[in-house]
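The values are calculated or read from the model by the stated rules, or taken from the named source; none is laboratory data. From a predicted model like this one, the values you see are computed outputs, not experimental measurements. Cβ coordinates were reconstructed from backbone atoms using ideal geometry, including for glycine residues, and neighbour counts include every protein chain displayed.
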Amino acid sequence: MPNEETARYADMFAALGAESRLEIMRLLFAAYPEGMTVGEIQEKLKIPNSTLSHHLEKLRNEGLVNSRKDKQFLWYSANAQTMEDLLAFLTTGRSRREGDNRVSNEHTLEHANNTPTQEGFMFEKFFESIFQKLFGSFSDRFHLRGFERFTQKAVNAINLAQGESRRLGHNFVGTEQILLGLLGEGSGIGWQFLNSVGVNLENAQIEVEKIIGRGKGNTAIDIPFTPRAKRVLELAVEDARYLNVNYVSTEHLLLGILHEGGGVAIRVLKNLGVDLASLEQRLRRALT
């Protein structure tokens, strides 16, 4: 690692040393990926605008946050990629991009690390512990080790799952929302297999609403996962390891749903006439 690169990461880490900046990062990771306006951050922290502007500019200069102008509002959002690079450097002595062994097919990762098995496990533990300490609310959204190995398509599906929860006005993300997220993602292997058995976003949304109905409305940025949904995510990570791959993608999320076997998502698939055992067998054969 060149000295100037080491210095860059040292500056990033130092920028997180101020209590106010750490609180800003907590807020922005809780609001990830949408972000917050300057006014919203100021309302939460109750610090003078001039002080807040100084902290935000310092974080932006170090690449830890991104900013954008939307009409009269200035928005800030956490730069998760930079944080992953910083954490990779702290554990391996090189940036995530240097450590990646990128794959040239559909499974090319944006969040993979090609460390050996034991080192990879240690990295996951470190990643989880750091995010629990620094950005507990963000880490708490997923409740599993190995999130840094999720592909962009898997992350998109999870974000869409939260969007489906908001659409129906619920304050949770269940297995049914993860299923809808896979269908809404619209291109991954999970979506392809669901589509092959006649399941699409529209018919699944209808079945989900029949079963759980509509809630009273929810505008929360951070929506918690139900215990079954957390288990689906954990099983997705476990299945990826069992299949000896160093990423978690949409096919593993679908395997997690099928493996968990008891959530609303399973009821939806049954109502749509899906042979669950056959679907799981076909998917596992395709991945081995």
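Considering only residues of the range 1-57 that are of a type in the set (A, V, I, L, M, F, W, C) and not in a helix (DSSP H, G or I), which is modelled with the lowest pLDDT? Break it down into steps so the answer makes sense when it comes.
Step one: of the range 1-57, the residues of a type in the set (A, V, I, L, M, F, W, C) are 1, 7, 10, 12-16, 18, 22, 24-25, 27-31, 36, 38, 41, 45, 47, 52, 56.
Subsequent filtering for residues that are not in a helix (DSSP H, G or I) retains 1, 16, 18, 31, 36, 47.
Working: Met1: 45, Leu16: 76, Ala18: 76, Ala31: 78, Met36: 90, Ile47: 84.
Among those that are of a type in the set (A, V, I, L, M, F, W, C) and not in a helix (DSSP H, G or I), it is Met1.
Within the bounds of the range 228-244, is there any residue that is in contact (Cβ under 8 Å) with a residue 12 or more places away in the chain, surrounded by fewer than 22 Cβ atoms within 10 Å (Cβ to Cβ) and polar (S, T, N, Q)?
No, the range 228-244 contains no residue that is in contact (Cβ under 8 Å) with a residue 12 or more places away in the chain, surrounded by fewer than 22 Cβ atoms within 10 Å (Cβ to Cβ) and polar (S, T, N, Q).
Looking at the range 58-84 only, could you name the residues that are part of a helix (DSSP H, G or I) and over 15 Å from Glu34 (Cβ atoms)?
Let us first name the residues in the range 58-84 that are part of a helix (DSSP H, G or I), namely 58-61, 80-84.
Residues satisfying the conditions are Lys58, Leu59, Arg60, Asn61, Gln81, Thr82, Met83, Glu84.
Looking at Gln192, is it among the polar types (S, T, N, Q), over 19 Å from Ser278 (Cβ atoms) and in a helix (DSSP H, G or I)?
Values: among the polar types (S, T, N, Q): yes; over 19 Å from Ser278 (Cβ atoms): no; in a helix (DSSP H, G or I): yes.
No: the conditions fail for Gln192.
It is to be established whether one or more residues within the range 188-196 are under 22 Å from His170 (Cα atoms) and crowded, with 21+ Cβ neighbours inside 10 Å.
Taking the range 188-196 first, the residues under 22 Å from His170 (Cα atoms) are none.
No.
Suppose we keep only residues that are over 14 Å from the mean Cα position of the chain (by Cα) and touching a residue at least 60 places away in the same chain (Cβ under 8 Å) within the range 13-34. Which one would you say is surrounded by the fewest Cβ atoms within 10 Å (Cβ to Cβ)?
Among those residues, the one meeting the criterion is Phe13.
Can you find a residue that is part of a helix (DSSP H, G or I), buried (at least 19 other Cβ atoms within 10 Å of the Cβ) and in the same structural domain as His170 (by TED's automatic domain parsing) anywhere in the range 212-227?
no
For the range 247-268, give me each residue that is crowded, with 24+ Cβ neighbours inside 10 Å and in a helix (DSSP H, G or I).
If the condition is that a residue be crowded, with 24+ Cβ neighbours inside 10 Å and in a helix (DSSP H, G or I), then Thr250, Glu251, His252, Leu253, Leu254, Leu255, Gly256, Ile257, Ala265, Val268 are the ones that fit.
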